[in-house]
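So the structure is just underneath, and the comments pick up after that.
The values are calculated or read from the model by the stated rules, or taken from the named source; none is laboratory data. From a predicted model like this one, the values you see are computed outputs, not experimental measurements. Every residue, glycine as well, gets a Cβ built from its backbone with ideal geometry; the counts of neighbours run over all protein chains shown. These area figures cover heavy atoms from the full protein model, side chains too; ligands, DNA and RNA do not enter into them. Shrake-Rupley method; radii C 1.70, N 1.55, O 1.52, S 1.80 Å.
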Amino acid sequence: KSAGDEEASLTSREGARSLVFFGGKGLINYTVECDFRLNSESIYTAGFIIHGARYSNSAYVTEDYKFIQGYYVALNKRMVKLEKLNYTHTDSNAGASRCAMEIGAWHHAKIEVNGNNVNVTITTADGQSTTLSYTDSIILGGGRFGFYSGGASMSYKNLTIKG
């Protein structure tokens, strides 16, 4: 928990990889909405995992956040990025856009998953919206939704999953 967090929020810790999964392998077509806050400026990212499976929790230093299967909505103060992660066969350029997010302010994410289509809309605290859309020719079949941090501190609240 970080300063200013409410009781019903979840926070990732700066400098540590962390993952929390929801749902199961049968989670295929769904919409997620969630409020999030970047707690500090960081060289790392934090965000959301879509169709998550087979996360590596190895202690090997060489295994970074890409050692998972799924799609990662990576966020930091300056951008939102959608990556397809499949261990070393990663597509880091599935989608990216500049998005100025104030540190310490609550922002909103809406993620729509329909088959091989993923749409991500980030609405910042000042009302600016950024949308990324990605259609995968080789989909990673159903999998869990999750909160993920590659090392940045982020707080999450008001999670809803429909579908």
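Examine the range 76-88 for a residue that is modelled with pLDDT under 70 and in a loop (DSSP other than H, G, I, E, B), and state whether such a residue exists. Yes - at least one qualifying residue is present in the range 76-88. Of all the residues in the range 142-161, those that are in a loop (DSSP other than H, G, I, E, B) and more than 13 Å from the chain's Cα centre (by Cα) number 2.
Restricting attention to the range 117-142, the residues that are out of contact with any Ser or Thr (no Cβ under 8 Å at 6 or more places or on another chain), without any contact (Cβ under 8 Å) to a residue 24 or more places away in the chain and at negative phi total 3. In this structure, residue 95 qualifies as in a strand (DSSP E or B), open to solvent by 10 Å² or more (accessible area, probe 1.4 Å) and modelled with pLDDT of 75 or more. Under the condition of being in a loop (DSSP other than H, G, I, E, B) and β-branched (Val, Ile, Thr), which residue from the range 99-141 is surrounded by the fewest Cβ atoms within 10 Å (Cβ to Cβ)? Per the criteria, the residue is 138.
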